[in-house]
1. Mind checking whether some residue in the range 53-65 is at pLDDT 95 or above, outside any helix (DSSP H, G or I) and either in contact with a Ser or Thr (Cβ under 6 Å, 6 or more places away or on another chain) or on the phi > 0 side of the Ramachandran plot (or both)?
2. Just checking, does the range 85-94 include any residue being under 18 Å from Pro18 (Cα atoms) and in contact with a strand residue (DSSP E or B) (Cβ under 9 Å, 6 or more places away or on another chain)?
Amino acid sequence: IFIITAPLLTSSIRLDLPQTDAGQPNEVPRFVSLVVDAKGIVYLNDQTVDNTQLAERLKQTATDNRDTEVQLRADQTVPYGKVVELMGIANKAGLSRVGFVTEPPR
């Protein structure tokens, strides 16, 4: 688990990300974008998914490449339990590399 700062990554989903100065942006060769907005809606690569769809798509991703990184962007108002739930779905699907995307302090 690691933290990625947001400037390198873009998404059409508007979030109010938590801030951290824990590190510099990293580029990775292969990743999927997992987003939870302030309303609790989950997106995988900018498409809304429910937990069943998410599990199926992440399992297929893991079959294609087990080293795929899940870049998790959660609005700072999203409950911790929801974030842990999504991490569990990714892990169960076979994807253990999860990075948290944050914004640097303003």
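The values are calculated or read from the model by the stated rules, or taken from the named source; none is laboratory data. Quantities reported herein were computed from a predicted structural model and do not represent experimental measurements. Here the Cβ positions follow ideal geometry from the backbone for every residue, glycine too, while neighbour counts run over all protein chains shown.
1. no
2. Keep residues of the range 85-94 that are under 18 Å from Pro18 (Cα atoms), which gives 86-87.
The next check asks that each one be in contact with a strand residue (DSSP E or B) (Cβ under 9 Å, 6 or more places away or on another chain); those that pass are 86-87.
There is at least one residue in the range 85-94 that is under 18 Å from Pro18 (Cα atoms) and in contact with a strand residue (DSSP E or B) (Cβ under 9 Å, 6 or more places away or on another chain).
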